[in-house]
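K.L.:
Below is the structure I would like to discuss, written out as structure tokens.
The values are calculated or read from the model by the stated rules, or taken from the named source; none is laboratory data. Computed from a predicted model, the values in this text were never measured in an experiment. Here the Cβ positions follow ideal geometry from the backbone for every residue, glycine too, while neighbour counts run over all protein chains shown. We work out accessible area using only protein heavy atoms, side chains counted, and drop any ligands, DNA or RNA first. Shrake-Rupley method; radii C 1.70, N 1.55, O 1.52, S 1.80 Å.
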Amino acid sequence: EPETRDAWWAEIRQEIKSHAKALGCHAVVGYSESTSICEEVCILSASGTAAVLNPRFLQEGTVEGSLDQRIEENLPVGCGFCHIPYDELNMPFPAHLTYCYNCRKQKVPDVLFTTIDLPTDAVVVGKGCLIQARLCRLKKKAQAEANATAISNLLPFMEYEVHTQLMNKLKLKGMNALFGLRIQITVGENMLMGLASATGVYLAALPTPGGIQIAGKTPNDGSYEQHISHMQKKINDTIAKNKELYEINPPIDDTDAMEDVHSLLTDVPPPSGFYSCNTEIMPGINNWTSEIQMFTSVRVVRLSSLNLTNQALNKNFNGLCENLLKSLYFKLRSMTPCCLCHVNFTVSLPEDELIQVTVTAVAITFDKNQALQTTKAHVEKSLQRDNEELLQFPLELCSDSLPSHAFPATKAVTVEKASPMGDGNFRNRSAPPCASSTVGVVKMTPLSFIPGAKITKYLGIINMFFIRETTSLREEGGVSGFLHAFIAEVFAMVRAHVAALGGNAVVSYIMKQCVFMENPSKNQAQCLINVSGDAVVFVRESDLEVMSTQQPAVNCQPSCTGEVTT
């Protein structure tokens, strides 16, 4: 019943508020809610970052009580958000506090986990990186209340293990803060899966992270002690390599930590020239170019039910995610140096013993030597390459007349080049004489902006559902061929929809759902995809500069149209 679901969510939201209040905060930012449903069981999750907002930027009456005494008026730039909001003498949980390494005035924790993007004024040492914690746990098949009880008993231990993985992997990277943290718990018939993704950084305001020290359970065993010593050396070498890779200079101290170190050492660093993060912008990189490429990848793996253990399940899940990242690096190797931004992993269990991992991200190139500088020639070259390589179907372009050769069962379609400077669109069936007529590809990105460009108009949100099924799965290239073709068609239809609205880009793109089911014995498969985003009109910053210097004599270009035959 809707009333029952509303009561559940109200209870969860109230618990979130009580946690924030216990931390001495009056707001929760970066808040999100998610669900995972399997048969009659539903897991409701909510997460956010407790914060104290400056009342000067809030409307009157939105903050209870007086907070002026807790807001420092002259905070040094880059460290105010790191200061603890609670009373040091009445801490809500045990924590190791030190004076801020930036201002030396307020206390800060030794580590910071947040669900928000990195603040623009944060002082960061080196570059960031994508950090993931992956966990699988088997459970017995049960029904109704018994199933819900078994899942409830597993969840606290899974949350603790995911948190421990994140903490130790953060130390292994030589970093002390996580941003953009997103934790997903997925329930299936016989297993639970947890996937946490975040962007690790080294904040200059926080203390240097401790190392990881392991100890043997059988100190009298010489061979075991030798194995422990070897593993400790591998950990220390990995930390040193990560510090060099991500350009983190401060020294690292030692501390105690107990964990299965094998899982920590399985994460392979990205190849040279690649960086990755799940936030919109990679911390430590500011010299972005205007070249972006969004992509979506789906992997479906069927597990063998024979001798399936938690350890084997974790190994398969880790291998699936690592191989997915490796394939992305390989396919995008021509864009180096580049960064995979807004990396969004989603895991689901559509059927028994079937694991599906979906990842959406955008690859952005950056210049190692200089900041973002885009010339007119560079933009025209980029647009020309987009026209030739990124169109879903080949197009024959013409300015003044139709092509001399005919195609059977084809239609002539008029496609406009959107004018970012005008309020309306001119829809002419024939194009005026204009030699510079081009058809631009609709850009798609999960980011809320486009590097090197200015959004001049928002045309509204798009929310589209697509369903595709086949009875000839093997003939279409199997699961991979079927999904690849379907996702490519989704991209094409989204682009066409945005172009019909008069836009030339989709920002804040997200694939909300990708539900795949197959019946191999009958050679059948079905898939449902739900995507959304914001349709916009953008113009390159370099084009704006050119337009501002040009005379009104070239009024032909903005309303120029071209005849397109498909």
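K.L.:
So which residues in the range 468-486 are buried (at least 16 other Cβ atoms within 10 Å of the Cβ) and in contact (Cβ under 8 Å) with a residue 12 or more places away in the chain, if there are any at all?
P.N.:
R468, T470, L473, V479, F482, L483, F486
K.L.:
Also, quick follow-up: When only residues in the range 319-343 that are open to solvent by 30 Å² or more (accessible area, probe 1.4 Å) and not hydroxyl-bearing (S, T, Y) count, which is farthest from Q513 (Cα to Cα)?
P.N.:
P337
K.L.:
If you don't mind, there's one more thing I want to ask. Give A150, A133, A95 a once-over and let me know the one that is farther than 19 Å from E247 by Cα and in a strand (DSSP E or B).
P.N.:
A133
K.L.:
May I ask you to say which residue of I239, I248 is part of a helix (DSSP H, G or I), modelled with pLDDT of 80 or more, crowded, with 16+ Cβ neighbours inside 10 Å and of a type in the set (A, V, I, L, M)?
P.N.:
So the residue among I239, I248 that is part of a helix (DSSP H, G or I), modelled with pLDDT of 80 or more, crowded, with 16+ Cβ neighbours inside 10 Å and of a type in the set (A, V, I, L, M) is I239.
K.L.:
Related question: Do we find a residue being of a type in the set (K, R) and free of Cβ contacts under 8 Å to residues at least 12 places away in the same chain anywhere in the range 289-301?
P.N.:
no
K.L.:
If you don't mind, another one. Is one or more of the residues making up the range 54-75 modelled with pLDDT of 85 or more, in the same structural domain as S197 (by the TED database) and surrounded by 14 or more Cβ atoms within 10 Å (Cβ to Cβ)?
P.N.:
no
K.L.:
Taking the conditions exactly as written (more than 30 Å from G188 (Cα to Cα) and modelled with pLDDT of 90 or more), does D121 satisfy them or not?
P.N.:
Spelling it out, it is not the case that D121 is more than 30 Å from G188 (Cα to Cα) and modelled with pLDDT of 90 or more.
K.L.:
Tell me, please, whether a residue that is within 18 Å of the chain's Cα centre (by Cα) and assigned to a strand (DSSP E or B) can be found in the range 164-175.
P.N.:
No, that holds for no residue.
Each row is one residue, and each column tells you yes or no for (1) in contact with an Asp or Glu (Cβ under 9 Å, 6 or more places away or on another chain); (2) surrounded by 14 or more Cβ atoms within 10 Å (Cβ to Cβ).
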{"residue": "E1", "(1), (2)": "no, no"}
{"residue": "D6", "(1), (2)": "no, no"}
{"residue": "A10", "(1), (2)": "no, no"}
{"residue": "I16", "(1), (2)": "no, yes"}
{"residue": "G24", "(1), (2)": "yes, yes"}
{"residue": "G30", "(1), (2)": "yes, yes"}
{"residue": "S34", "(1), (2)": "no, yes"}
{"residue": "C38", "(1), (2)": "yes, yes"}
{"residue": "L44", "(1), (2)": "yes, yes"}
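K.L.:
To continue, here is another question. Exactly one condition in (1) closer than 30 Å to D352 by Cβ; (2) part of a strand (DSSP E or B); (3) open to solvent by less than 60 Å² (accessible area, probe 1.4 Å); (4) not acidic (D, E) is not met by S508; state its number.
P.N.:
Only one criterion is unmet by S508, namely (1).
K.L.:
For the range 496-544, what are the residues that are farther than 15 Å from P451 by Cβ and either among the basic types (K, R) or not assigned by the TED database to the domain that holds A485 (or both)?
P.N.:
K512, K522
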